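What follows is a single structure, written as C-alpha cells, with notes after it.
The values are calculated or read from the model by the stated rules, or taken from the named source; none is laboratory data. The structure presented is a predicted model; accordingly, all values stated were derived computationally and were not measured. Heads up, the Cβs are rebuilt from the backbone with ideal geometry, glycines too, and the neighbour counts pull from every protein chain shown.
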Amino acid sequence: MEKDILVRMQEDLERALTKPAENRRWVMLLDTRKCTSCKACSVACASENKLPPNLWYRPVFEREDGKYPKPTRTALPKPCMQCDNPPCVTACPVKGADGATWKETRGIGTGVVPVNYAKCIGCAKCVPACPYSARTMDNGRFHTEGTPQLMKYETMPSFEYGRNWPRQGKHQPVGNVRKCHFCMHRLANGMLPQCVTSCVCRMGYFGDANDPESLLAQVIKANQTKIQILKKEKGTKPRVYYLGNINLEVFHGYF
C-alpha cells in the first residue's frame, strides 16, 4: 500500500533534520491542480499562530474565467515566498545580525525570513517593499471584540520563532509586522508546517530540496518544465514553487 504523502514527507523531514543546517534547503511546492479553495490551510494557520482579524499568513486567492456553460475557477494559496533575495529585508531600517528581519543562515530556519518582534519598530517600511503582500501589521484587534467577553484563546500568547509572544505588554507582535515563517516552531519539533498537514487535498509539498530522496525533490524533478514562481521578473528568488496549468500572471493584481 502506497504511503500517504504526509507520512512520506514526515519521514523526509526527520531525515533532513539530522543534516547540518547549511546542507538543507527548505522549499514549498503548491500543486494548484489539487486545490479546491476550501481554505482549510488558511484557518489552520490562523489557529496555529493565533492571528488577529484580517491578518493571514496563508491567504487563498480565487479567480473565475470564461463564460457559461464552460467557466473555469482557479485558486492560488500564497504564503510568504521566503525569498533568497528579499526586498523586505533591504527596506527594513533595523539592520544587522540582531536586526528586525533578515534572511536566516543558520539553525532550523535556515532560508526563512523571520521577524523579531522585540526589534521591530513598527515603521511598516517592509510591507510595501514585499512584491507578494506577504507582510501585515498587527493592529491588536480581536475576533470577539464587541462581545460580552474576549475569548481566552485570543488573548493567549502566540508561540512563534521558538518563544511565546504575549498579546499585551512588552515585546509583543501587536504594532509590529507579522508574516508566514514556514512554521519554524513546528520544524524545530519535527513537524511539518501546519498549512501542509491541514490540506485535505494534499496539494502542498514541503521538504529539503537538496535531498534527492525526498518526495519534494522528486516531484520537482519530474515536473521541471511545469514549475512556476510568482513574479519571476522581480528577481526575488522565492522558495515557494507552483505546479499546475495556471497562468500566475493573472493573479499579479490581486496582491
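Would a scan of the range 230-237 turn up a residue that is of a type outside the set (Asp, Glu) and without any contact (Cβ under 8 Å) to a residue 24 or more places away in the chain?
Within the range 230-237 (the criterion being of a type outside the set (Asp, Glu) and without any contact (Cβ under 8 Å) to a residue 24 or more places away in the chain), the answer is yes, since at least one residue qualifies.
Pairs only if they're at least six apart or on different chains, beta carbon under 9 angstrom, first in the range 67-90 and in contact (Cβ under 8 Å) with a residue 12 or more places away in the chain and on the phi > 0 side of the Ramachandran plot, second of a type outside the set (A, V, I, L, M) and assigned to a strand (DSSP E or B); list them, first residue then second.
Hits for this filter: Gln82/Trp26.
Examine the range 218-226 for a residue that is crowded, with 21+ Cβ neighbours inside 10 Å and either in a loop (DSSP other than H, G, I, E, B) or in contact with a His (Cβ under 6 Å, 6 or more places away or on another chain) (or both), and state whether such a residue exists.
Checked against the condition, which is being crowded, with 21+ Cβ neighbours inside 10 Å and either in a loop (DSSP other than H, G, I, E, B) or in contact with a His (Cβ under 6 Å, 6 or more places away or on another chain) (or both), the range 218-226 yields no hits at all.
Out of the residues in the range 172-208 meeting the condition of being among the hydrophobic types (A, V, I, L, M, F, W, C) and outside any loop (DSSP other than H, G, I, E, B), tell me which one is nearest to Arg8 (Cα to Cα).
Phe206
Need the failing condition index for Leu29 against (1) assigned to a loop (DSSP other than H, G, I, E, B); (2) touching a residue at least 60 places away in the same chain (Cβ under 8 Å); (3) within 17 Å of the chain's Cα centre (by Cα), just the number.
Single failed check for Leu29: (1).
Within the range 56-66, is even one residue part of a loop (DSSP other than H, G, I, E, B), among the acidic types (Asp, Glu) and more than 25 Å from Ser198 (Cα to Cα)?
No, the range 56-66 contains no residue that is part of a loop (DSSP other than H, G, I, E, B), among the acidic types (Asp, Glu) and more than 25 Å from Ser198 (Cα to Cα).
I'd like to check something: does the range 34-52 contain any residue that is farther than 21 Å from Thr136 by Cβ and in contact with a strand residue (DSSP E or B) (Cβ under 6 Å, 6 or more places away or on another chain)?
Within the range 34-52, one or more residues are farther than 21 Å from Thr136 by Cβ and in contact with a strand residue (DSSP E or B) (Cβ under 6 Å, 6 or more places away or on another chain).
What residue, among those in the range 227-255 that are of a type in the set (Gly, Ala, Ser) and part of a loop (DSSP other than H, G, I, E, B), is surrounded by the fewest Cβ atoms within 10 Å (Cβ to Cβ)?
Ranking the qualifying residues of the range 227-255, first place goes to Gly235.
Against the definition (touching a helix residue (DSSP H, G or I) at 6+ places or on another chain (Cβ under 9 Å), under 30 Å from Glu233 (Cβ atoms), in contact (Cβ under 8 Å) with a residue 40 or more places away in the chain and of a type outside the set (D, E, K, R)), how does Pro52 come out, yes or no?
In short, no.
State whether the residues of the range 4-13 include one that is in a loop (DSSP other than H, G, I, E, B), surrounded by 14 or more Cβ atoms within 10 Å (Cβ to Cβ) and at pLDDT 95 or above.
No, because not a single residue in the range 4-13 is in a loop (DSSP other than H, G, I, E, B), surrounded by 14 or more Cβ atoms within 10 Å (Cβ to Cβ) and at pLDDT 95 or above.
Condition test on Tyr153, is it outside any loop (DSSP other than H, G, I, E, B) and farther than 30 Å from Pro20 by Cα?
Here the answer is yes, as Tyr153 does meet what is asked.
Working only within the range 129-168, note down all residues that are of a type in the set (Val, Ile, Thr) and either touching a Ser or Thr at 6+ places or on another chain (Cβ under 7 Å) or under 26 Å from Tyr241 (Cβ atoms) (or both).
Thr136
Can you name the residue in the range 92-118 that is over 20 Å from the mean Cα position of the chain (by Cα) and at pLDDT 95 or above and is also farthest from Ala188 (Cα to Cα) among such residues?
Filtering first and then ranking leaves Pro93.
If we scan the range 72-82, do we find a residue that is surrounded by fewer than 17 Cβ atoms within 10 Å (Cβ to Cβ) and in a loop (DSSP other than H, G, I, E, B)?
Looking through the range 72-82, none of the residues is surrounded by fewer than 17 Cβ atoms within 10 Å (Cβ to Cβ) and in a loop (DSSP other than H, G, I, E, B).
Condition check ((1) touching a strand residue (DSSP E or B) at 6+ places or on another chain (Cβ under 7 Å); (2) surrounded by fewer than 17 Cβ atoms within 10 Å (Cβ to Cβ); (3) outside any loop (DSSP other than H, G, I, E, B)) across all residues:
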{"position": "Gly111", "(1), (2), (3)": "yes, no, no"}
{"position": "Tyr132", "(1), (2), (3)": "no, no, no"}
{"position": "Glu145", "(1), (2), (3)": "no, yes, no"}
{"position": "Lys170", "(1), (2), (3)": "no, yes, no"}
